[in-house]
Structures are given as C-alpha cells and as structure tokens.
Amino acid sequence: MTLASRSMAEARGAGTVVQGEFPFTNEDFTRIAALLYETSGISLPDTKATLVYSRLAKRLRILGIGSFREYYALVASPDGVDERNNMLRALTTNVTRFFREPHHFDHVLQNVIEPAIDSVRKGARLRIWSAGCSTGQEPYSLALTILSALPEAPNHDVKILATDIDTNVLATGRAACYAEDLVEAIPTAVRSRWMERDPEDSRGWRMGEAARSLVSFRELNLMTEWPMKGQFQAIFCRNVVIYFDEPTQERIFTRFGERLIKGGRLYVGHSERVGVPGFETDGLTSYRFVGGR
Ligand SMILES: C[S@@+](CC[C@H](N)C(=O)[O-])C[C@H]1O[C@@H](n2cnc3c(N)ncnc32)[C@H](O)[C@@H]1O
C-alpha cells in the first residue's frame, strides 16, 4: 500500500466524506445537516456533502477556524446565532426575478385582485403574503400588479406582507434598488410610471413610493410560530419549500390553509405540488383553498 492510499484508507475509516483543506467527516455533515433541518426545515441529502463542504469552508477561512468540529460547536451554541444565519445563507439560494412565472401574476390579477377591487374601494382589506420573498422581486411584482388594476391602492387597506428567514435579503428588499438588468422583465410603461431612477446609481432603478408603501418586509422563519393575526386572499410561497422534506412541506401547506380565506389562492413554484386536504388545483401550480375542516 502506498503512503497516499494508506492515508486515504485511514481517512475513509474515520468517515471522511470530503478530502480537502479541512477534515470533513460523516459526523460533521450529519450534525450540520441536522442543525439546518431543525432551524430552517431545509433537508440536505447525503449527495450535498461536497456542496456543504465547499460553501462552508469559505466561512471557516473567514473566521480563522481550523476544523468543522469547531465550526459546529460555534453554530450550535447560543452565541452562534449570527454565524448560524451566515451558514443558512451559505447553504440556501436567494435566486429570484421580477415577474418570475408570469402566469401567476395574470392569475392573481384575474382571480384575486380584480374581483376584490369594488369592495376594497368601499373599505375592505386586501392582503397578500409573499412567504420566502428573498430580495423583494416577488412582492414588488405583486405591488406592480395591484397598482396596474388599482392605481390608488396606497389610499386603501391593501398590504403585501413579505417575509424571509434571511435578514440580508430583507434589507435589499427594503432598500428597493435594483440594477438595470434585473428590471428588464418589468414592462417599460410600468417602470416609467411606478419606478424611479436609483438616487445612488443613475443606471439602476428604485421602486417608487406607491409600490414601496404597499409592501412590509418582516423576518420570519416558516418553521416557527407566525405572529400575523389576519387572513390572506393569496399566499405566494414559491421555490422555498422545495428544500424541505415532504412532511415539513405538508405541515407548512396545511398552515397556509389556516391563514387563507375560503376561496383564497396559494401559488407554489413550478416544480412543487400541494397535496394536502383543503386545496384544489386551480391553474398551473396555483391552488384554491376550499376549506374542508
Ligand atoms: C429561491 S428563493 C425564492 C424567492 C421567491 N419566492 C421566488 O420564487 O422568486 C428562497 C427563499 O426562501 C428563504 N427561506 C429558506 N428557508 C426558509 C424558512 N425556513 N423560512 C423562511 N424563509 C426561508 C430563503 O432565505 C430564500 O430567500
């Protein structure tokens, strides 16, 4: 046996899953995956070990930590809450776009917003929740959709709640500034009417006051209690539960049902399906809450 093969065999014996700058054992992976699942609902299959290693090795370098064992001790400790958030950010994706899956915005316009306009003008509430809103493109697309049908929406009881577990993406959403290439999906006429040039970057854009006033960004981990009291006419939760295991997805969808008015709509990502009682398919990855309890 050569020296190299002996050290690899020894490493395998110790349960090493990735050979790299830092030792990364099965135990390291399992403990990190369990902590991520517990705190965020995200379920990491074994096939993600290399990805976890490469994303978190950067954090170890930044922090000057020499092993995953030490890193785990930090993120699992009560003082490790900031780094736990960094770990979550490193292991999740915030990819989003304005008017992603445009058919959802046509659907919510025709089935939720337009039918509500008369009663909203008489004082009724309109509430939509973007759960897992990332950097704000989804809730602002909803705001622009509402403004297209009800330009005076800010004078009525209309609100979009935008929540995410990641405080960094929420800060971007609140700032509401986007580079030119990110706003390309927004029709020019809509952009000219409801957006303004970014005061700090003449090539970028900022959501105008009307759209900003409709959206409230809040930190919320979907795995915890939800403090909101009122019900929603629509919930967008797209490309979020895709990282959760099936029982967790079902629990979240059931809880969405408890937060929807009867006849309210739930929109999920293109590869996701809602299979819990109380929801009926009502279009491409849109579901109508029919109750049933
Ligand atoms: C891929 S983005 C989806 C953004 C948007 N919904 C869309 O489809 O374009 C997923 C978002 O879910 C958030 N997320 C992941 N786990 C979460 C949890 N347990 N609670 C709340 N948000 C979570 C992430 O921080 C990320 O911003």
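Across the chain, counting alpha-carbon atoms alone, Rg and Dmax equal 22.1, 83 Å. Which of these, Thr30, Thr188, Thr172, has the largest mean-square fluctuation under a Gaussian network model of the chain (Cα springs below 10 Å)? Looking only at Thr30, Thr188, Thr172, the biggest GNM fluctuation is shown by Thr188.
How large is the convex hull of the Cα atoms of region 144-197 per residue, expressed in Å³ as a whole number? Provide the component values of the computation, followed by the final result.
Working: hull volume 5.9 nm³, N = 54.
Measuring per residue, one finds 109 Å³ for the Cα hull of region 144-197.
For the chain, the share of accessible area belonging to carbon and sulfur comes to 51 percent (1.4 Å probe, ligands and nucleic acids excluded). Within a straight-line Cα-Cα reach of under 16 Å, Lys262 can be paired with the following aspartates and glutamates, leaving aside sequence neighbours fewer than 8 residues apart in one chain: Glu280, Asp282. Its relative contact order, with pairs defined as Cα atoms under 8 Å and 6+ residues apart, puts region 134-277 at 24 percent. The residues of region 26-153 present an accessible area of 44 Å² per residue when probed at 1.4 Å with all protein chains retained. Springs join every pair of Cα atoms under 10 Å in this Gaussian network model of the chain, and among Met207, Met87, Met228 the largest mean-square fluctuation is at Met228. Residue-wise HN-Hα couplings along region 135-151, as the Karplus relation 6.51 cos²θ - 1.76 cosθ + 1.60 with θ = phi - 60° gives them from phi, are 7, x, 4, 5, x, 6, 4, 5, 4, 5, 5, 5, 5, 5, 9, 9, x Hz; Gly and Pro carry x.
For the chain, what is the percent of antiparallel DSSP beta bridges, rounded to the nearest 5?
Taking every DSSP beta bridge within the chain, about 45 percent pair in antiparallel fashion.
Taking H as built 1.01 Å from N, whose amide H comes closer than 5 Å to the amide H of Phe217, not counting residues under 5 places away? For Phe217, the qualifying residues are Ala162. For the chain, the relative contact order comes to 15 percent (Cα pairs under 8 Å, sequence separation of at least 6). Our note on the geometry: Cα centres of region 114-157 and region 228-263, 19 Å apart.
Residues whose amide H comes within less than 5 Å of that of Val18, counting only those at least five positions distant or on another chain, are Phe24 (H built at 1.01 Å from N in the peptide plane). Altogether, the Stokes-Einstein calculation at 37 °C and 0.692 mPa s, with the Kirkwood radius of region 19-153 over Cα pairs as Rh, returns a diffusion coefficient of 183 µm²/s. Averaging the sequence gap over all C-alpha pairs within less than 8 Å and six or more residues apart, then dividing by the number of residues, gives region 17-105 a relative contact order of 27 percent.
Applied to region 169-184, the Karplus parametrisation 6.51 cos²θ - 1.76 cosθ + 1.60 on θ = phi - 60° returns per-residue 3J(HN,Hα) values of 5, 5, 4, 5, x, 5, 5, 6, 9, 9, 5, 3, 5, 6, 9, 4 Hz, with x for Gly and Pro.
Note on the chain: with a GNM built from Cα contacts shorter than 10 Å, the maximum mean-square fluctuation among Leu142, Leu220, Leu74 falls on Leu74.
Determine the shape class of region 124-217: with a ≥ b ≥ c the square roots of the Cα gyration tensor eigenvalues, call it rounded for a/c under 1.5, and otherwise prolate if a/b is greater than b/c, oblate otherwise.
oblate
For region 67-157, which GluC sites (Glu not before Pro) are in a loop by DSSP, counting at most 12 other Cβ atoms within 10 Å? Intermediate results must be reported in sequence, preceding the final value.
On the way: sites: Glu70, Glu83, Glu152; in loops: Glu152.
Passing sites in region 67-157 are Glu152.
The values are calculated or read from the model by the stated rules, or taken from the named source; none is laboratory data. Worth saying up front: this structure is predicted, and the values here are computed from it rather than measured. Positions of Cβ are generated from backbone atoms using ideal geometry, with glycine treated the same way; all protein chains shown enter the neighbour counts. Ligands, DNA and RNA are stripped out before the accessible areas are found, and what is left, the full protein with its side chains, is counted by its heavy atoms. Shrake-Rupley method; radii C 1.70, N 1.55, O 1.52, S 1.80 Å.
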